[in-house]
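Below is one structure, written out as structure tokens; the observations come after it.
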Amino acid sequence: MGHYYDQHINPFCILQPFRVSIVVKMEMSCLWTRRLLLGANSVLLVKHPTTNAFSTFSVTRSILSPPPPPPPPLISLFSSSRRSLSTTTSACSSPLHPHSDIGNDAVNAAAAAIPLESHKMLLKGMSYTELEKWVQSYGFRPGQAMMLWKRLYGSGIWAHHVDELQGLNKDFVKMLGEHARFKALSLENILTASDGTRKILFRLDDGLVIETVVIPCNRGRTTVCVSSQVGCAMNCQFCFTGRMGLKRHLSTAEIVEQAVFAQRLLTNEVGPFTNVVFMGMGEPLQNIDSVIKAADIMVHDQGLHFSPHKVTVSTSGLVPQLKRFLHESNCALAVSLNATTDEVRNWIMPINRKYDLGLLLQTLREELGLKE
């Protein structure tokens with residue numbers, strides 16, 4: 001997957017002028033592409049929160065100027081009881097590294113080779129339950145784990161060092177200084193677009209660089225777009241990240257830290273963060289273990305406390321992982337289609353040669369309980 005930046009930052013992504021009128025009131029997303037482009041005969045399926053019925057609404061298009069092939073559409077779903085279908089657009093991100101394509105064994109080996117600071121425990125890689133057990137293993141009470149958790153993710157502290165743990169037991173802080181590691185990323189650069197969107201470059205322990213994007217909105221919404229891999233193996237034709245090949249998966253800590261670090265850097269400028277989208281570098285569901293765990297940490301009510309409905313994981317259509325995600329996570333899911341026929345999608349998104357549109361859509365219908 002890839003994300004959109006202002007064309008002053010990334011000249012490869014150009015937002016085309018178009019407009020959609022729809023017969024029902026819809027709240028538009030404040031993501032990078034703030035328009036919808038649908039065919040004249042497209043339909044939008046919306047599941048009412050209070051019923052199991054789906055209503056069909058006609059969608060029409062008003063073209064301001066004849067555009068080139070439309071930006072890729074997404075079907076957005078929710079894996080909770082308030083699941084719905086809607087359409088948005090996706091775009092691409094520019095490569096940060098040269099072309100490469102390596103297999104899963106090499107990816108896992110690269111991840112395992114990440115140097116750790118004296119083998120200290122990376123705190124943001126643990127769920128709250130794991131953190132509690134780890135704290136207890138050093139002889140401290142579970143309550144200390146909750147106090148630490150809140151300083152890592154809540155209370156506007158977003159601690160990066162033991163010196164920022166005011167109010168904790170001195171012996172506990174000393175233990176953390178000896179055995180815990182707070183940061184998974186280091187800041188490389190921040191680029192600002194004309195509309196206020198920020199692209200943050202983070203450097204990993206092994207020297208690789210990833211991108212995180214913060215997208216403010218004048219309606220009081222701020223979205224952080226996080227990466228899930230270094231590079232991507234999907235090779236989608238519209239995405240420059242795919243041209244890198246896949247370097248390696250990101251760890252849970254490296255994913256979570258993007259949201260934490262971004263808030264620490266920019267909250268005072270753009271206001272509170274309200275939404276998270278896994279639409280940065282990589283195919284999130286190819287790294288499903290780390291992604292599900294990171295999403296769970298993000299929605300924990302004593303930590304970052306994002307609403308599950310406002311944490312969206314995007315996928316190019318990995319069917320087995322898609323099914324697992326819908327069963328294991330309460331967060332939202334977006335499926336990138338980009339074409340209405342297998343012939344076109346096979347070229348745009350090679351993953352379609354393995355999981356074609358018929359299988360993908362049938363799986364979505366079955367998982368959402370949608371009957372034709």
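Every number in this text was worked out from the coordinates using simple rules, so none of it is lab data. Bear in mind that the values here come from a model prediction, so they are computed numbers and not experimental data. For neighbour counting, all protein chains shown are included, and Cβ atoms are generated from backbone atoms with ideal geometry for every residue, glycine included.
Report the gain in length on full extension from residue 141 to residue 264: 0.36 nm times residue separation, minus Cα-Cα distance, nm rounded to one decimal.
Here the answer is 41.5 nm.
Determine the distance separating the Cα centre of segment 160-231 from the Cα centre of segment 296-370; give it in Å without decimals.
26
Residue 189 to residue 130: FRET efficiency via 1/(1 + (r/R0)^6), r the Cβ-Cβ distance, R0 35 Å, to the nearest 0.05?
That pair, residue 189 with residue 130, gives E of 0.60.
What do the square roots of 5 times the Cα gyration tensor eigenvalues come to for segment 159-248, in whole Å, largest first, as semi-axes of the equivalent ellipsoid?
Over the Cα atoms of segment 159-248, the semi-axes work out to 32, 21, 10 Å.
Of 347, 140, 286, which is farthest towards the positive pole of segment 93-357's charge dipole, taken about the Cα centre with +1 and -1 on the beta-carbons of Lys, Arg and Asp, Glu respectively?
140
Along the Cα→Cβ direction, 7 angstrom out, place labels at residue 341 and residue 302. What is the inter-label distance in nm?
Result: 5.6 nm between the two label points.
Cross-link list 183/293; 124/174; 120/247; 247/323; 150/293: which exceed 20 angstrom alpha carbon to alpha carbon?
Among 183/293; 124/174; 120/247; 247/323; 150/293, the Cα-Cα distance tops 20 Å for 120/247; 247/323.
Highest first, please rank the peptides 247-256, 286-295, 325-334, 300-309 by the mean number of other Cβ atoms sitting within 10 Å of their residues.
Descending packing order for the listed peptides: 247-256, 286-295, 325-334, 300-309.
Taking loop as defined by DSSP and a crowding limit of 14 other beta carbons within 10 Å, which trypsin sites (Lys or Arg not before Pro) in segment 114-185 fit?
Passing sites in segment 114-185 are 120.
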